[in-house]
């Protein structure tokens, strides 16, 4: 058993959940299988894949006004099984799970096995984001499929608690103070940016809709071939293209997206479930850069800089009263996340389906993935339904695909 201070990203998640009085910062998804497995087989696979991950024995404590993660021995639980008569009944139960089965303290996840109207059984996962990030989903899903194929498959995870131990040491090191200088300069640059959606900065959350588009196989193949030949990052390229489109549509000259970056180091952490990602604000400055290539280079540099100084508690600082008095209020308005592996899954007889909340505190979020179909790219836009129209979102996506095609066809940025 160990008790460790939570990391900065976890603190942000905890604070948002507390402030809104629910668990908006959660990850909810299901595994729908193409083959039929019994509830007993699924339950066995789940247990094999979670019992060696310390986050499944974790709970959040508050002591002396600070939050800590306590890691307790894993307690095997019976995975409940539900047979729903309709999709609507299933979704209503998911909402009940979010409201009653997940909290910000000791109930950090809930897993159940289900079928709908006699369908093949699937698995539904609900996680407080305090213990799980997007990469964790993909890794856990892959392991479960492997165990379903090979029951003797050994599953061992590197403990997330080791990461928290390292963060605790970092806060007491000289590196922390070096990083502080970088972030003080960064805070000033961020504060000089405009709010992207300035007319809704006082709204805490709003009802959302989702539109998802799958590219053609050709677009994905051409994009990754072009990026590979030219040493270009696909997510940074797409983010830059999107920023240029928003600049033209809104007239906003200097703004930021929050873009999560991977934070797992070495073989051990790349085999670990937990919250490693951070989502710092990337600035797109059209007053300084005249063409998309220069803008891309600035995004690339920011990515490198953030990675060098990634462990600093910037979330805590940027949302503090001290920051607001000095720089003005920091308001996240757009999140861009990228989960494409660009490779055929080692096992692929399950489909992942992400389940959104009914409301969100961000006006727009874009998830880019290839886990629905590894040969294409999926763009999922989650947006406030009273602020954006479907037509606007469709137009944005069309322009993204067209801009990417233009860059590829002209063999470079214009």
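Numbers below:
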{"quantity": "Any hit, the stretch 268-275, residues being in contact with a strand residue (DSSP E or B) (Cβ under 7 Å, 6 or more places away or on another chain) and outside any helix (DSSP H, G or I)", "calculated": "no"}
{"quantity": "Some residue of the stretch 234-251 being assigned by TED's automatic domain parsing to the domain that holds residue 288, surrounded by 15 or more Cβ atoms within 10 Å (Cβ to Cβ) and not in a helix (DSSP H, G or I)", "calculated": "no"}
{"quantity": "Complete set of residues in the stretch 1-45 that are more than 28 Å from residue 172 (Cα to Cα), assigned to a helix (DSSP H, G or I), at pLDDT 90 or above and out of contact with any strand residue (DSSP E or B) (no Cβ under 6 Å at 6 or more places or on another chain)", "calculated": "40, 41, 43, 44, 45"}
{"quantity": "Subset of the stretch 320-330 [closer than 27 Å to residue 246 by Cβ and surrounded by fewer than 18 Cβ atoms within 10 Å (Cβ to Cβ)]", "calculated": "324, 327, 328, 329"}
{"quantity": "Selection count where residues are under 30 Å from residue 30 (Cβ atoms) and not in a helix (DSSP H, G or I), scope the stretch 137-178", "calculated": "10"}
{"quantity": "Residue match in the stretch 77-98 (condition: touching a strand residue (DSSP E or B) at 6+ places or on another chain (Cβ under 8 Å), at pLDDT 95 or above, closer than 22 Å to residue 5 by Cα and assigned to a loop (DSSP other than H, G, I, E, B))", "calculated": "no"}
{"quantity": "Residues being in contact with a strand residue (DSSP E or B) (Cβ under 6 Å, 6 or more places away or on another chain) and modelled with pLDDT under 95 - total across the stretch 187-208", "calculated": "6"}
{"quantity": "Residue list for the stretch 344-363, filter: in a loop (DSSP other than H, G, I, E, B) and under 29 Å from residue 119 (Cα atoms)", "calculated": "344, 345, 346, 347, 348, 349, 355, 356, 357, 358"}
{"quantity": "Residue 63 vs. criteria farther than 19 Å from residue 121 by Cα and crowded, with 17+ Cβ neighbours inside 10 Å", "calculated": "no"}
{"quantity": "Qualifying residue in the stretch 190-204 (condition: surrounded by fewer than 18 Cβ atoms within 10 Å (Cβ to Cβ), within 19 Å of residue 258 (Cα to Cα) and either within 21 Å of the chain's Cα centre (by Cα) or not assigned by TED's automatic domain parsing to the domain that holds residue 237 (or both))", "calculated": "yes"}
{"quantity": "In the stretch 66-80, the residues that are closer than 26 Å to residue 154 by Cβ and surrounded by fewer than 16 Cβ atoms within 10 Å (Cβ to Cβ)", "calculated": "72, 73, 75, 76, 77, 78"}
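Conditions (1) more than 20 Å from residue 232 (Cβ to Cβ); (2) in a helix (DSSP H, G or I); (3) under 20 Å from the mean Cα position of the chain (by Cα), marked per residue:
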position	(1), (2), (3)
306	no, yes, yes
312	yes, no, yes
324	yes, yes, no
332	yes, no, yes
374	yes, no, yes
382	yes, no, yes
393	yes, yes, no
400	no, yes, no
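The values are calculated or read from the model by the stated rules, or taken from the named source; none is laboratory data. Keep in mind that what you see is a predicted model, and the values were worked out from it rather than measured. Virtual Cβ from ideal backbone geometry, glycine too; neighbours counted across all protein chains shown.
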